[in-house]
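Just so it is clear, none of the values below were taken in a lab; they were calculated from the coordinates. What you see is a predicted model; the values in this text were computed from it and never measured. Every residue, glycine as well, gets a Cβ built from its backbone with ideal geometry; the counts of neighbours run over all protein chains shown.
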Amino acid sequence: MDSQFSCRRSRGGGFSFSRTSDSLMPKQKTHKGTKKRFRLTATGKAKHRQAGTSHLAARMSQKRKRNLRGTTVVDETAATKIREALRGNSY
């Protein structure tokens, strides 16, 4: 076993391995809610599905429904937070 890991018994009767103090900081996890709602382009822009398309479309005009199709690019002010939450892990 490598020296940077320590082994100890856990409550369930198994063993748990934890890093010792001389190792690196823990990795930042990807925000799963953001991963489901946004997608990064090759240039780093964030795309999202437009709001207001899931139901109640009968009262909308055809032009409004047509313009809500597909995805749009998020504004750059919000895109930085989205990139930070995704940590480069998008579909």
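Scanning the stretch 37-78 for residues that are within 25 Å of SER90 (Cα to Cα) and among the aliphatic types (A, V, I, L, M) turns up LEU40, ALA42, ALA46, ALA51, LEU68, VAL73, VAL74, ALA78.
All conditions but one from (1) out of contact with any strand residue (DSSP E or B) (no Cβ under 7 Å at 6 or more places or on another chain); (2) aliphatic (A, V, I, L, M); (3) surrounded by 13 or more Cβ atoms within 10 Å (Cβ to Cβ) apply to LEU56; the one that does not is (3).
Every residue, every condition in (1) aliphatic (A, V, I, L, M); (2) within 15 Å of LYS36 (Cα to Cα); (3) in contact with a helix residue (DSSP H, G or I) (Cβ under 6 Å, 6 or more places away or on another chain); (4) in contact (Cβ under 8 Å) with a residue 40 or more places away in the chain, yes or no:
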position: ARG49; (1), (2), (3), (4): no, yes, no, no
position: GLY52; (1), (2), (3), (4): no, no, no, no
position: HIS55; (1), (2), (3), (4): no, no, no, no
position: ARG64; (1), (2), (3), (4): no, no, no, no
position: ASN67; (1), (2), (3), (4): no, no, no, no
position: ASP75; (1), (2), (3), (4): no, no, no, no
position: ALA78; (1), (2), (3), (4): yes, no, no, no
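For the stretch 74-91, the set of residues classified as outside any helix (DSSP H, G or I) and surrounded by fewer than 14 Cβ atoms within 10 Å (Cβ to Cβ) consists of ASP75, GLY88, ASN89, TYR91, listed by residue number. Of all residues in the stretch 59-73, those that are surrounded by 11 or more Cβ atoms within 10 Å (Cβ to Cβ), not in a strand (DSSP E or B) and not charged (D, E, K, R) total 3.
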